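S.K.: Sharing a structure below in structure tokens format, with a few things to ask.
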Amino acid sequence: MKDFLIIIAAPVLSFLFLILVFVPMEKVFPAKKNQKFFRPDWFLDLCFFLGQYLIWGGLVYGALSYFNDFFSGVIPISFQNMIKSQPIFLQIFEVLFFSDFFIYWAHRLQHKVDFLWRFHKVHHTSEHMDWLASHREHPLDSLYTIGIINLPAFIMGFSLESIAGVIAFRGIWAIYIHSNVRLNIGFLKKIIGSPELHHWHHYLDRDVGNYANISPLMDIFFGTYVCPGKEPEKFGIHEKFPKNYLGQMLVPILPKKFGNYFFNFKKYFKSFFLNFEKK
Ligand SMILES: [Zn+2]
């Protein structure tokens, strides 16, 4: 019973915390002034939020802990001791730098390689940006992203517990850059990531740019920085994709001919039961 209450309390408390932090920011500094709290597809994104907390989060964490154990077994201990002999600020800088470098290229590949885009496009089907939209992510896409972000830390010999704070910070940051917020940070937007840059990443074109996450320096360095100084008109993808949770979960992993059933899930569902009743 106690475990059950904890399982239920975690998403409820996180949900309330995120509402308390992000909704006032979205009201005071909105990017799209007329966007309502319950905007279209809000409940679809709520399904993703609940799915992450109640099902997929635990599996992703379990896989991460497996990767962590795997790397602690194969990386020479002398290399990890050398890393640990450096001043702590240098270790932190190295972890953040390499994880940003890895995730920049991993994210760019998600947009370039069709097999990776198959899963990543679920995240890009959001047509409205806010704090909740950031949760729309296929679990295999989350596993890929979180695995690669933490790879440098695992290679350098940090335990999962010691980087829990960094993982939590990255989670909150991901929510912030999706939120319906515009803060005028001036020249700092070339150093620190922002909703403005990430919203342009969610513009309709698959290869628009801004693949970096915490700092756009990688985008500037590798020529993919985009900041036109106006608001993107639309978000989403050009391709057709189901707008229901089951379809978004299953289409990326099913062969095309089965996946097609989920494009109009309600229609097939209804016709199946109507035919069933007729029989
Ligand atoms: Zn992307």
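S.K.: Of Gly73, Gly157, Gly186, which has the largest mean-square fluctuation in a 10 Å C-alpha GNM of the chain?
M.R.: Gly186
S.K.: Rounding to the nearest 10 and keeping the result within 0 to 90°, find how far the Cα-based axis of helix 265-278 lies from the longest principal axis of the chain.
M.R.: Helix 265-278 sits roughly 40 degrees off the main axis of the chain.
S.K.: Stick to the Cα atoms of the range 51-168, pair each with every other, and give me the Kirkwood hydrodynamic radius in Å at one decimal.
M.R.: Kirkwood hydrodynamic radius for the range 51-168: 15.6 Å.
S.K.: What residues qualify as long-range amide H neighbours of Val181, i.e. H under 5 Å apart, gap of 5 or more or another chain, H built at 1.01 Å from N?
M.R.: Amide H neighbours of Val181: Ala31.
S.K.: 7 Å from Cα along Cα→Cβ at both Ile77 and Leu204: what's the point-to-point distance in nm?
M.R.: Once both label points are built, they end up 5.9 nm from each other.
S.K.: So what is the 222 nm mean residue ellipticity for the chain from helices alone, if each DSSP H run of at least 4 adds -39500 (n - 2.57) and you divide by all residues, rounding to the nearest 500 deg cm²/dmol? The partial results should precede the final answer.
M.R.: Details: 13 runs with 168 residues, N = 279.
Computed mean residue ellipticity for the chain: -19000 deg cm²/dmol.
S.K.: Still on this model: Output the 0 to 90 degree angle, nearest 10, between the alpha-carbon long axis of helix 139-155 and the longest principal axis computed from the alpha carbons of the chain.
M.R.: That helix lies at roughly 0 degrees to the long axis.
S.K.: Here's a follow-up. Going by alpha carbons, how many degrees (0 to 90, nearest 10) lie between the helix axis of 164-178 and the longest principal axis of the chain?
M.R.: Once rounded, one gets 50 degrees.
S.K.: If you don't mind, another one. For the chain, what is the charge dipole size about the Cα centre, in debye to the nearest 20, if Lys and Arg each add +1 at the Cβ and Asp and Glu each add -1 at the Cβ? Before the final figure, lay out the partial values.
M.R.: Numbers: 28 positive and 21 negative charges, 217 e Å.
It comes to approximately 1040 debye.
S.K.: Report Rg(Cα)/(2.2 N^0.38 Å) for the chain, keeping two decimals. Intermediate values should be presented prior to the final figure.
M.R.: On the way: Rg = 20.3 Å, N = 279, 2.2 N^0.38 = 18.7 Å.
For the chain, the normalised Cα radius of gyration is 1.09.
S.K.: Mind counting lysine pairs for me in the range 40-238? Cα separation below 30 Å, and the two need to be 8 or more apart along the chain or on different chains.
M.R.: Summing the qualifying lysine pairs gives 13.
Every number in this text was worked out from the coordinates using simple rules, so none of it is lab data. These figures come from a predicted structure and were not determined experimentally. Cβ atoms come from the backbone with ideal geometry, glycine included; neighbour counts cover every protein chain shown.
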